[in-house]
Structure formats: structure tokens, C-alpha cells
Amino acid sequence: MTNIDMIRKDLDDIYLGNLFTVEADLTLPSQGKNGSEFTWKSSFIYIITPEGKVTRPRTGSGNRTVTLTATATKDGEEMSRDFEATVLERPSRLVITGVNPVVASIGKGEDYHLPGVVIVAKEGGVFGTLPVTWKDVPDFTALDIGVYSIQAEPLVHVPDFVPTAEITVLTEAPKVPVALYTQKAWPFGLGDVKLLPGHFDDNRKRFEEYLLNCDDDQMLYNFRVACGLSTKGAEPMTGWDSPEGLLRGHTTGHYLSGIGLACGGSVENGNAFKKKVDYMVESLAECQDAFEASGNYAPGFLSAYSEEQFDKLEEYVVYPKIWAPYYTLHKIFAGLLDCYEFGQSKKALKIAERLGIWVYARLSRLPKEQLNKMWAMYIAGEYGGMNEAMARLYKFSPNPDFLAAARLFDNEKLFLPLSQNINALCDMHGNQHVPQIIGAFEIFRQTGEGSSYEISHNFWHFVTQSHIYNLGGIGEGEMFKEPDHIASYLTDKTAESCVSYNMLKLSSQLFQYNAKSEYMDYYERTLFNHIAGNGDPSGPTGGSTYFMPLYPGAKKGYDTNANSCCHGTGLESHVKYQDSIYFKQENILYVNLYMPSALDWKEKGIKLTQARDFMKTQSALFEIDGNADIELRFRIPFWLEKDASLKLNGADVSYEIKDGYAVVPGPFSCGDKLEIVLPFSYRLERTKDDTKVACLYYGPLALVIESEGQEFITLDLDESVKGIEKKGDLEFAFSGHRLIPLFLAHDCHYHAYFKLKK
């Protein structure tokens, strides 16, 4: 290589971690592997110094984006590279106004553990949690029948408040509540539903092509280095998965899920994906064997790095010195289980079983207090959906240790308020906690425990009623904010794609136990407006948006090489669109999403084809192939202002509505055609924290105004929404402005929200 080649390579190899949400000092390297010397400049030295010291902006002043410039020199030649870092403002410190007492009932002789956190009330009707230290905790197993009061030490930083607990000892332990809901609807296999031509199928094809062109050996690079095997000449991974990165291995986990899902659902490329699944699984099995054979690791361990990060987490080492080891492990676990469930790889399950034994052996020896402290740590303790992975592993391989391991990831900071139907999400990390809720729900699925169901149910309703933007996405700077505060947080760091990916998964699972349209209303909003538009449309780059910016004059950007978390979930989202279009219940077929697709319901011997582009025609036509005595249920969307109309073979059909679905009883005959018309209308939605800030919808589609301006556009609109002119299928005009759906706003600046005159 020439000097310039070596300089360019050294600059390309610089890894600074997650620059989207900076909260701690950065380590800025001074030298590259090929001998380049680095010097650094900062566009705002009061926020980030050239040495990497970070000073977060004060609360309320907003996040700051700083450009760091690395200049590399070698033998008189030089080249520079810019890095954009977003430094988060200091967290809000709302005044605490009270502490909720801990109240519990136990049976005589039963052991009990007081929670490690208490729920605190803050000004403005906001709730949160704080760590608590209890005094003179009795041996609960020795207590007689009666009521016992226990005090805690004064709360750190708020000594005026002294938490208390009231524990009632009864003759017998209270019965564990049984969930009110049993499974009512079941998903179809990915291979039972085929996407037909349209926007979603175009996205699927691009991402399948990207996955097929990925180098498997590069995806295995870090694993093979960690266990001492040959890398087979592969190039190292980049970005968050670079050999220097502390999250390395997470993209490989998403990749496993992507190829596993595509293996189960792709019509054209199923065999090609099966070959990839088998190669990746065989190779990871070799890595797992090599770790154990080295004598340096406990049996079953598998990772793209050593056990050091896991050791440091148990010592409470903070981010960014470590970076979420169990989060990365979850991605690997999920990928293996997806390769088993969808990719038909029995060996993938064997690897997961060995790894599950390693997890249980490591965590079961730790006291509950230590686990609570670990899981409450910001980023370092983020564990993705490890509780889901272990409960799901238990479903496939019913070793009770796997279910016990799932419970070791209980996070009191999140679960305790939800169990009491209290929204304490403010200032919590979004994608750290949604997967934990999915895990709680999977534990419910395996045990029937009502408490785990209620936690999941309460969380979903808090989020969808009080924390979503117009596109269904959640969070600013990765964090939940105060309930019903949307206008206050319209920035370039809104709506992390990972969170939407996980909320869709939770919505689909909740629907299976309570088949009401509200879950699929949210699903449609988020799929059509966020996920459908977060993939790079320029080609098979694998690029996805990290955040979906919603500030005035925003423009989407796609992560094509940083291997961020949202790049990873993007590898899955776009190859499994078909997983919630239809659900079944004995003789009932639920039609949840109006999307060009073909269903093969093999058990009933019928096929159902839905070929129209609903977003353009405002209707769906279903053609039935086969004879079946079934009941069809069509979702009536929440946004519908005029009644839906139904026709069977051209004749009007009357219907009743049940749980938000139009019920059409059978029987149906081969050749029947059933049309549903759902007229779109314009809808204005004001934000609750500033009623003069609003967004606009056309049916299910969030509309944006094309404009590069950085100031809010003011429109003379009210709830009647008059004066909008339709210029084409999905193009509109109002007051000199061009409007299009957000999911189509790929290469333009846009305004997702605007101001109203009154």
C-alpha cells in the first residue's frame, strides 16, 4: 500500500463507539495500525475537547451535535475524516414529591425479598424509581401471622423521604393470579404467506439480495479470532462490530435471524438461505467447541470476545468501558433460535442449549441484589431480550434451568411500577426496556402467570397512548420522555428504529391473546409509516435509519456500514412483513393488514389472494380458491371516518363489528370475490403538550411537507381539514406546499409536524 492507502485504511478503522447518544468521555486514538499519527479537532470544545472529554449540556438546553475531525499524517502526507457526535443533555431532575410505600402479602413460612427500588412521584405527574436500602430486614420465613412495618434508609439525594414497607403475613400464601387471557389467535408460518408486487415486496427483495451477498466468513470473523480459529482470509467487520468494538457479534446475531427468517419465508431464495443457515451454524458450533477445548472458558460459552465483559459487568464497570455483553449475547441467542425455528437447523438448537446452560451456571450463583444492580445499569446492563431468549429456549427444550434463567433477568426498576399500573418510563432507555417486556410476555406464554401478562399489557398501553410520534415510533435520543410530550422533543434523534421493531413484535404477541383491533391499528401505523420507510431504497445496501428525524427540515440518513443496532434489526424487519397480515383461530381468519399478499391455509384447503395496492386504491379485493366453512374478520381501522363497505361477488354484505373487526360468516366457495372499501380521509392530530403543533394523515399514512426550511411551517388548518388537493395517488398540495407520505420521503427534506394558526 502507498502512504495514502495506509492513511485511508487507518482513518477507516477508527472506532469511537456509539456516537448517536454520547454521555461519557470518548477515547480518541492517537495512532493507526499502519503508522499514521492522529490529531483531533472539535467544532465545539466546550462540549467535547480534542482529548475526548465530554461535558453534557445543561438540562433543557437540548442535545448538541459536535463534529470531531481526525487528521492522519504519515511521512509528510495527510488526510482527514469527520465524525458527528450527538452529546445528550443532562437528564431532567424533576423534584420528588412523594414515595409510594411497598405493600405485599405473603404466606406464613414463605420467603420474601423486599424490592431494591421504590416508586417515587415527581412534579408534573411523572413517576420514577430510586434504589432503596432497607433497615433491619427480618427473616420472613420465621414471622408469625400479622402485619409488619419496615423502614428504609433515607433516599440518597432526597433525605426528606424515608421509604416504608408493610408486609402482611397470612395463614396461606395468596394465590398467584392466573392470566385472564388464553391464546385466541395463531400466526401462520412465514412460508404460508407470500408478498405480492408492491412497496413491501420491493423492500423485501432488496434486503434479501443484500443478505445473500453478505460474506459469511466476515460475519464469523470476530468469533473465530476470539476462539483462536482461522478467519479464512475474511475482511474484519466494521463499525460497532469492528475488532476493537465492544459490541462485536451483535450484527452476526441479527444476520442469523435475517437468514433464518428468509429461509422460512422466501419463495425465490429459500434454498440459498438454507445453505447460509447451515454454514453459519456449523461454523459457530466449531467456535463453541474451540472455546471449550482451550480450557479457558466454561462449557457452552460462545461469543465474539472473551468472558472479560461479563466479568466486568459483575464488578459494575460502567459504559463505555464495557458495552452491554448480555445485549450482544441475546442477538446471538435469538439468531440461533430463529435458525432453528425458521431455518430448520437442529444443530442451532443444540448450540443454544449449551449456551443456555452457560448462562444459568453464571447467573444463578449471583445474589438477587447484585442482579438488580447489574440490570439497572445504563447501557452496560442492557440485556436485550435475554429473558425472552431463555423462555423461548425453554419452549423448544424444556429444561427447567432455562426458565429459571429467564427469571434471573427480572428488572425491578421496570417491572415494579408496571405491576402496579404506574407509568414510570420517563428517562428510561427505550430499546433497553421494550425487549425486556417481550421477555416478560414470553415467560407468561410458558407459565400462564397473570403478573407477567399484566406487566406487558400495561406497558403497551402506556407507550401507545402517551409516548408515540405520528409514525408510531418512540423516544428521543433513545430515551422515553414525559408522557404526552411530543412537541417538546421534535429533533434529529427521534423514533429509534429498533424500538419500533420490538414494539411491533410485542403488539403481535398481545393480539394473539386478546384479538382486538387496537393492537393491529398500532401495528399498521408503525409498519406503514416507520418500518416501510426506514430502509435504503437506492439498492441492496442493507441500510436502515437509526433515528427517524422529525424536526423541521429533516432528512433521512441510512446506516450502511456502521453496523449499528438499527442496521441489525433492519436485516430482520424487511424479510418478515408477512408475519402479521393474517391470523387464524379454528374456523376464523383475521385479516389484520391490507397488503398485497397470498395466503395458503393448508389445514382448510383454501387460498386467499389480496392483490390490490391498498395505499393507492383504499380498498382490498380477496379472491378465494377452495371451499371452506370459515368466518372472515376484517379489521376496521381506527382512522376510518366513513363506514366500510363490503361486497361478496358484487353484492352488498351487511356485517356486525366485534372487537374492531367486521365479521363476515361463511361458507365460501371457490372463485368467491370479497371486496372491502375503507375510504381514506384527512385527519389532523394535535400534540398534547402544544395544541398548535400538529401532524396530518391521509387514512393510515402520515403526510410530510417537502421543505428544507428549519423553522416550523404555519398552516391555516383545523380539524375539518379543508383545502387539500390530491395531485396523484400519493401526492398532495396545500397552500403552495407539496405533501407526500413519510414512508416515501427518502431523498428530500421534510416537515413531519407543523404549526397551526389557531
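The values are calculated or read from the model by the stated rules, or taken from the named source; none is laboratory data. Treat the numbers as computed from the prediction; the structure is a model and nothing was measured. In this analysis, Cβ positions are derived from the backbone assuming ideal geometry, glycine residues included, and neighbour counts consider all displayed protein chains. All accessible areas refer to the heavy atoms of the entire protein, side chains included, with ligands and DNA or RNA removed. Shrake-Rupley method; radii C 1.70, N 1.55, O 1.52, S 1.80 Å.
Restrict the check to segment 731-748 and report whether at least one residue is on the phi > 0 side of the Ramachandran plot and either open to solvent by 50 Å² or more (accessible area, probe 1.4 Å) or of a type in the set (A, V, I, L, M, F, W, C) (or both). Step through it out loud before you land on a result.
Initially, segment 731-748 is screened for residues on the phi > 0 side of the Ramachandran plot, giving 735-736.
Retained after the next criterion (residues that are either open to solvent by 50 Å² or more (accessible area, probe 1.4 Å) or of a type in the set (A, V, I, L, M, F, W, C) (or both)): 735-736.
Yes - at least one qualifying residue is present in segment 731-748.
Within segment 126-145, is there a residue that is under 15 Å from Tyr112 (Cα atoms), touching a residue at least 24 places away in the same chain (Cβ under 8 Å) and touching an Asp or Glu at 6+ places or on another chain (Cβ under 7 Å)? Yes; the residues of segment 126-145 include at least one that is under 15 Å from Tyr112 (Cα atoms), touching a residue at least 24 places away in the same chain (Cβ under 8 Å) and touching an Asp or Glu at 6+ places or on another chain (Cβ under 7 Å). Quick one: in segment 601-628, of everything that is assigned to a loop (DSSP other than H, G, I, E, B) and polar (S, T, N, Q), which residue is least open to solvent (accessible area, probe 1.4 Å)? So the residue we want is Gln618. When the test is whether a residue is assigned to a loop (DSSP other than H, G, I, E, B), in contact (Cβ under 8 Å) with a residue 40 or more places away in the chain, open to solvent by less than 30 Å² (accessible area, probe 1.4 Å) and of a type in the set (S, T, N, Q), Ser303 passes it.
A search for C-beta distances below 6 Å between a residue of segment 192-205 that is under 11 Å from Val267 (Cα atoms) and assigned to a helix (DSSP H, G or I) and any residue that is at pLDDT 95 or above and open to solvent by 30 Å² or more (accessible area, probe 1.4 Å), counting only pairs 6+ apart in sequence or on different chains, returns Asp192/Asp600. So the check is Cβ under 6 Å with 6+ separation or different chains; which pairs have a first residue in segment 237-261 that's farther than 18 Å from Asp13 by Cβ and a second one that's part of a loop (DSSP other than H, G, I, E, B) and open to solvent by 10 Å² or more (accessible area, probe 1.4 Å)? Hits for this filter: Gly260/Phe342; Leu261/Phe342; Leu261/Lys576.
The helices (runs of 4 or more DSSP H) found wholly in segment 489-589 and carrying at least 2 residues that are open to solvent by less than 10 Å² (accessible area, probe 1.4 Å) and closer than 22 Å to Gln610 by Cβ occupy 497-513, 517-529.
Matching residues to (1) outside any strand (DSSP E or B); (2) more than 26 Å from Ile531 (Cβ to Cβ):
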position	(1), (2)
Cys695	no, no
Ala702	no, no
Glu719	yes, yes
Lys722	yes, yes
Leu739	no, no
Asp747	yes, no
Lys755	no, yes
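Only residues that are touching a strand residue (DSSP E or B) at 6+ places or on another chain (Cβ under 7 Å) and either within 20 Å of Asp427 (Cβ to Cβ) or of a type in the set (A, V, I, L, M, F, W, C) (or both) were counted across segment 444-472, and they come to 5. Only a single item in (1) part of a loop (DSSP other than H, G, I, E, B); (2) over 30 Å from Lys722 (Cβ atoms); (3) open to solvent by 10 Å² or more (accessible area, probe 1.4 Å) is not met by Ala598, and it is number (1).
Does Val120 fit the bill of being on the phi < 0 side of the Ramachandran plot and open to solvent by less than 30 Å² (accessible area, probe 1.4 Å)? Give the steps one after another, and end with the answer.
Working: on the phi < 0 side of the Ramachandran plot: yes; open to solvent by less than 30 Å² (accessible area, probe 1.4 Å): yes.
It is true that Val120 is on the phi < 0 side of the Ramachandran plot and open to solvent by less than 30 Å² (accessible area, probe 1.4 Å).
Of the helices (runs of 4 or more DSSP H) lying entirely inside segment 312-396, those containing at least 2 residues that are touching a strand residue (DSSP E or B) at 6+ places or on another chain (Cβ under 9 Å) span 368-375. Among the residues making up segment 699-717, those that are open to solvent by less than 70 Å² (accessible area, probe 1.4 Å) and not hydrophobic (A, V, I, L, M, F, W, C) are Gly699, Pro700, Glu706, Ser707, Gly709.
Cβ-Cβ contacts under 8 Å between residues 6 or more apart (or on different chains), taken from a first residue in segment 716-739 that is over 23 Å from Thr617 (Cβ atoms) to a second residue that is of a type in the set (D, E, K, R) and surrounded by 13 or more Cβ atoms within 10 Å (Cβ to Cβ), are listed as His737/Glu706. The number of residues in segment 255-299 being more than 23 Å from Leu195 (Cα to Cα), buried (at least 16 other Cβ atoms within 10 Å of the Cβ) and more than 26 Å from the chain's Cα centre (by Cα) comes to 9.
Of all residues in segment 551-575, count the ones that are among the β-branched types (Val, Ile, Thr), over 11 Å from the mean Cα position of the chain (by Cα) and under 30 Å from Gly189 (Cβ atoms).
Here is the first cut: in segment 551-575, the ones among the β-branched types (Val, Ile, Thr) are 560, 569, 575.
Keeping just the survivors that are over 11 Å from the mean Cα position of the chain (by Cα) gives 560, 575.
Keeping just the survivors that are under 30 Å from Gly189 (Cβ atoms) gives 575.
Total meeting the criteria: 1.
The combined condition, being under 27 Å from Ile96 (Cβ atoms), of a type in the set (A, V, I, L, M) and surrounded by 19 or more Cβ atoms within 10 Å (Cβ to Cβ), is not fulfilled by Ile438. Restricting segment 80-117 to residues that are open to solvent by 50 Å² or more (accessible area, probe 1.4 Å) and of a type in the set (A, V, I, L, M, F, W, C) leaves a set whose member that is nearest to Ala173 (Cα to Cα) is Val103.
When segment 658-674 is examined, which residues are found to be within 37 Å of the chain's Cα centre (by Cα) and buried (at least 17 other Cβ atoms within 10 Å of the Cβ)?
Passing the criteria: Gly660, Tyr661, Ala662, Val664, Leu674.
Candidates are the residues of segment 361-394 that are in contact with a Leu (Cβ under 9 Å, 6 or more places away or on another chain) and more than 19 Å from Glu314 (Cα to Cα); the one that is surrounded by the most Cβ atoms within 10 Å (Cβ to Cβ) is Ala389.
If you go through segment 62-74 one residue at a time, do you hit one that is open to solvent by 60 Å² or more (accessible area, probe 1.4 Å) and either over 30 Å from Ser419 (Cα atoms) or at pLDDT below 90 (or both)?
Taking segment 62-74 as the starting set, the residues that turn out to be open to solvent by 60 Å² or more (accessible area, probe 1.4 Å) are 64-65.
Next, from what is left, pick out any that are either over 30 Å from Ser419 (Cα atoms) or at pLDDT below 90 (or both): 64-65.
Scanning segment 62-74 turns up at least one residue that is open to solvent by 60 Å² or more (accessible area, probe 1.4 Å) and either over 30 Å from Ser419 (Cα atoms) or at pLDDT below 90 (or both).
Of the residues Lys692, Lys722, Lys727, Lys757, the single one that is surrounded by 13 or more Cβ atoms within 10 Å (Cβ to Cβ) and more than 28 Å from the chain's Cα centre (by Cα) is Lys692. If the condition is being open to solvent by 40 Å² or more (accessible area, probe 1.4 Å) and in a loop (DSSP other than H, G, I, E, B), then segment 634-657 contributes Phe638, Glu641, Lys642, Asp643, Asn649, Gly650, Ser654, Tyr655.
Please verify whether Cys214 is under 19 Å from Pro325 (Cβ atoms) and either in contact with a helix residue (DSSP H, G or I) (Cβ under 8 Å, 6 or more places away or on another chain) or open to solvent by less than 10 Å² (accessible area, probe 1.4 Å) (or both), treating the condition exactly as stated. No. Filtering segment 64-107 to residues that are within 26 Å of Ile45 (Cα to Cα) and in a loop (DSSP other than H, G, I, E, B) leaves Leu88, Glu89, Arg90, Pro91, Ser92, Arg93. For beta carbons closer than 6 Å, sequence separation of 6+ or different chains, a first residue in segment 412-438 that is within 18 Å of Leu114 (Cβ to Cβ) and a second that is open to solvent by 10 Å² or more (accessible area, probe 1.4 Å) and of a type in the set (D, E, K, R), there are no qualifying pairs.
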